[in-house]
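S.K.: Please find one structure pasted underneath; my questions will follow.
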Amino acid sequence: MDLDVLFLGTAGSAPTAGRGLPATLLRRGGDRLLFDCGEGTQRQLLRSIGLIDLEELFITHFHADHLLGLPGMLKTFSLRGREAPITIYGPPGLRALFEVLHALVGRTGYEVRLVELQPNEELRRDGYRIAAFEVNHRVRAYGYALVEDERPGRFDEARATRLGVPRGPAFGALQSGETVAGEHGEVRPEDVLGPPRPGRTIVLSGDTAPSEMTRAVASGADLLVHEATFTEEEADRARETGHTTARQAAQLAAEADVGLLALTHVSPRHPAGALRDEARAVFDRTIVPRDFDRVELPLPERGEPVHVKVGQAPAAELVEGEAGA
């Protein structure tokens, strides 16, 4: 199952010539999940993969830089004749927000479903779940985690054959957790499967000061996407505004032992290189993606997360060591 993260907007508070406002697209198989929808997000989609008919959208909090792309996108969907519903998730207050936005959006030809999530609430999906968790910002704000289910252990074909299990549907039944008949009696899944294999985990912090909850949720995650609005020289300002420095994000990533840290919510005051260098002094596995960069997440046994820069070949086509950071 393919899994990647497309960074549509990596700026914080105000856009720049090279960075749009916050928006991150998670793609797993055929699922497309958009997290935040800053001003200009629909154009960022058009410039990358096209304005797809999103089914689910998640808002981290109700500051303007994270949601002002919503009215235009919803209106465009309506102008295109969309009929399928869209579900928008967010913290309590989402419905009140849409009462205000209604004058901008107007009537739509499709249903807009609004779901206010509670802290630690989980949404079950086929093979994974989305979990909302509360972070530490000036207003009520959530981070989100995509957590895949454990997968069955590796199937030992040779052992199954020795136990007299015929090739074909019986092999598939064992891998699905069913007991089947062998030549010498019943064969259970645990007789031929290794230990369960972990799925993948992606954590998005949203806007937050360093948060114990983020650290706990991100423990062992394959990818942590964390804001880094300030450098350490402005740690006092970060604390006052409920944001994080690059060094603080790196410390959190190191303590959580994540596979890769991606810093976003980049301020025009700080060159990406300065944020990257500050973070890498603490946690070497750090990147500062540009708009339209991706992180591909292979299954754990197939390798580590790979940063694919905009315009670069897919990771599968890269020579080892070429992907960069």
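S.K.: Restricting to region 116-140, count the residues that are surrounded by 14 or more Cβ atoms within 10 Å (Cβ to Cβ) and of a type in the set (Val, Ile, Thr).
M.R.: Total satisfying the criteria: 2.
S.K.: Have a look at ASP191, ASP207 and point out the one that is of a type in the set (Asp, Glu), more than 14 Å from the chain's Cα centre (by Cα) and assigned to a loop (DSSP other than H, G, I, E, B).
M.R.: From the options ASP191, ASP207, the qualifying one is ASP207.
S.K.: Of all residues being closer than 18 Å to ALA145 by Cα and either of a type in the set (Gly, Ala, Ser) or not in a loop (DSSP other than H, G, I, E, B) (or both) in region 255-272, which is most open to solvent (accessible area, probe 1.4 Å)? Just the residue, please.
M.R.: Looking at residues that are closer than 18 Å to ALA145 by Cα and either of a type in the set (Gly, Ala, Ser) or not in a loop (DSSP other than H, G, I, E, B) (or both), I get GLU255.
To keep it simple, each residue is scored yes or no on (1) within 21 Å of PHE133 (Cα to Cα); (2) modelled with pLDDT of 95 or more; (3) part of a loop (DSSP other than H, G, I, E, B); (4) open to solvent by 10 Å² or more (accessible area, probe 1.4 Å).
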residue	(1), (2), (3), (4)
THR24	yes, yes, no, yes
GLU39	no, yes, yes, yes
GLN44	no, yes, no, yes
LEU68	no, yes, yes, yes
TYR89	yes, yes, no, yes
LEU97	yes, yes, no, yes
ARG107	no, no, yes, yes
LEU114	yes, yes, no, yes
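S.K.: Kindly establish whether ASP222 is in contact with a Lys or Arg (Cβ under 6 Å, 6 or more places away or on another chain), closer than 30 Å to ALA131 by Cβ and either open to solvent by less than 30 Å² (accessible area, probe 1.4 Å) or modelled with pLDDT of 95 or more (or both).
M.R.: Yes; evaluated as a whole, the condition is true for this residue.
S.K.: Still on this model: Please enumerate the residues belonging to region 141-169 that are assigned to a helix (DSSP H, G or I) and open to solvent by 20 Å² or more (accessible area, probe 1.4 Å).
M.R.: GLU157, ALA158, ARG159, THR161, ARG162, PRO169
The values are calculated or read from the model by the stated rules, or taken from the named source; none is laboratory data. Computed from a prediction, not measured in an experiment: that's the story for all the values here. Quick reminder, even Gly has a Cβ in these numbers, built from the backbone with ideal geometry, and neighbours come from all protein chains shown. Note: accessible area is taken over every heavy atom of the protein model, side chains too, but ligands, DNA and RNA are not part of it. Shrake-Rupley method; radii C 1.70, N 1.55, O 1.52, S 1.80 Å.
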